[in-house]
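First the structure, in the form of structure tokens, and then the observations on it.
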Amino acid sequence: MKFFTLDEFKVFLSVIDDEKWKLFFEILFYCGLRQEELQAITWNDINFEKSTISITKTLTTKIKGKKWTISAPKTKNSIRELPINQNISNKLKALKEKQKMMVEFNDNWFAMGNFEPIKENNIQNHKNKYCDLAGIKRIRIHDFRHSCASFLLNNGADIITVSKYLGHASISFTLDTYTHFIKINLTKFPI
């Protein structure tokens with residue numbers, strides 16, 4: 001399992017000169033979304049007043065004869081509402097204002113695309129380019145979820161919160177996957 005530390009992620013972000021791509025990767029890192037969940041996010045899913053993103057669907061390109069389809073998330077626990085910080089909220093507002101200038105814009109448009117979702121190979125190509133420019137290891141897009149989990153756990157979030165945040169089917173799955181990220185303070189448990 002590979003992941004970015006916060007310092008590595010900051011180096012990664014530092015080489016991105018396109019605000020939309022910077023925002024895309026910030027959402028992956030700080031919100032821990034699956035790629036397909038982020039691809040499926042429309043403006044209807046973003047509540048600027050509450051500063052939240054609702055995860056209610058996922059995108060797939062694996063159905064024969066279709067460019068893409070929107071379907072239910074991976075599990076019932078994948079349906080969730082996540083808080084977004086002010087920085088991400090402001091960047092999303094600015095992106096929406098740019099999209100509003102396009103003909104036929106509406107809130108059903110994909111936030112990270114437009115009237116169509118952003119393509120998977122485009123995501124991969126940009127991620128690899130930015131890793132190479134930053135001179136850091138290449139991680140998979142899914143590893144941004146691991147990076148988010150590591151970030152949350154190392155900043156005091158408990159395993160139940162991380163499990164709900166990532167939309168895992170069970171807390172035991174989260175424990176099995178991320179136990180090695182948890183730093184135990186042994187001074188609390190003298191031997």
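All of the numbers you see were taken from the coordinates with simple rules; none came from a lab. Remember, it's a predicted structure, so these values are computed and weren't measured experimentally. Quick reminder, even Gly has a Cβ in these numbers, built from the backbone with ideal geometry, and neighbours come from all protein chains shown.
Run through the DSSP bridge list for the chain and note the antiparallel percent, rounded to the nearest 5.
Here the antiparallel bridges make up roughly 100 percent for the chain.
Checking the cross-link filter: which lysines have an alpha carbon closer than 16 Å to that of residue 100, excluding same-chain neighbours under 8 positions apart?
By straight Cα distance, residue 100 reaches 20, 91.
Name the shape class, rounded, prolate or oblate, that the alpha-carbon gyration tensor gives for the stretch 1-42, where a ≥ b ≥ c are the square roots of its eigenvalues, rounded holds for a/c under 1.5, and otherwise prolate holds if a/b is larger than b/c and oblate otherwise.
Oblate.
Straight distance only, please: which aspartates and glutamates reach the Cα of residue 93 with their own Cα at less than 16 Å, same-chain residues fewer than 8 apart left out?
18, 19, 26, 45, 49, 107
Which chymotrypsin sites (Phe, Trp or Tyr not before Pro) from the stretch 21-114 combine a DSSP loop assignment with at most 14 other Cβ atoms within 10 Å? Please list the in-between numbers first.
Numbers: sites: 21, 24, 25, 29, 30, 43, 48, 68, 105, 109, 110; in loops: 48, 68, 105, 109.
Loop-located and lightly packed - 48.
With +1 on each Lys and Arg Cβ and -1 on each Asp and Glu Cβ, and nothing else charged, work out how big the dipole of the stretch 39-129 is about its Cα centre, in Debye to the nearest 20. The partial results should precede the final answer.
Values: 17 positive and 8 negative charges, 89 e Å.
Value, rounded to 20: 420 debye.
Can you pick out the pairs among 66/127; 96/129; 2/66 whose Cα atoms lie more than 30 Å from each other?
Numbers: 66/127 25 Å; 96/129 25 Å; 2/66 32 Å.
Going by Cα-Cα distance, 2/66 fall outside the 30 Å limit.
When the chain is treated as a GNM, springs tying every alpha-carbon pair under 10 Å, which of 63, 55, 139 comes out with the largest mean-square fluctuation?
Highest fluctuation among the options: 63.
If exposed GluC sites (Glu not before Pro) are those in a DSSP loop with at most 10 other Cβ within 10 Å, what is the longest stretch of the chain that has none?
Result, exposed sites excluded: 105-191.
Which value, in debye to the nearest 20, describes the size of the charge dipole of the chain about its Cα centre when Lys and Arg Cβ atoms bear +1, Asp and Glu Cβ atoms bear -1, and nothing else is charged?
The dipole magnitude comes to about 440 debye.
Estimate the FRET efficiency between residue 63 and residue 107 by the formula 1/(1 + (r/R0)^6), using the beta-carbon distance for r and 35 Å for R0, to the nearest 0.05.
For R0 = 35 Å, the calculated efficiency reads 0.90.
Which of the trypsin sites (Lys or Arg not before Pro) found in the stretch 65-147 are loop residues per DSSP with 16 or fewer other Cβ atoms within 10 Å of their Cβ?
Answer by residue number: 66, 67, 74, 119, 137, 138, 140.
What is the stretch 19-176 by shape, rounded, prolate or oblate, if you read a ≥ b ≥ c off the alpha carbon gyration tensor as root eigenvalues and call it rounded for a/c under 1.5, prolate for a/b larger than b/c, and oblate otherwise? List each step's numbers first, then the result.
Numbers: a/c = 1.34, a/b = 1.28, b/c = 1.05.
It is rounded, given that a/c, with a ≥ b ≥ c, falls under 1.5.
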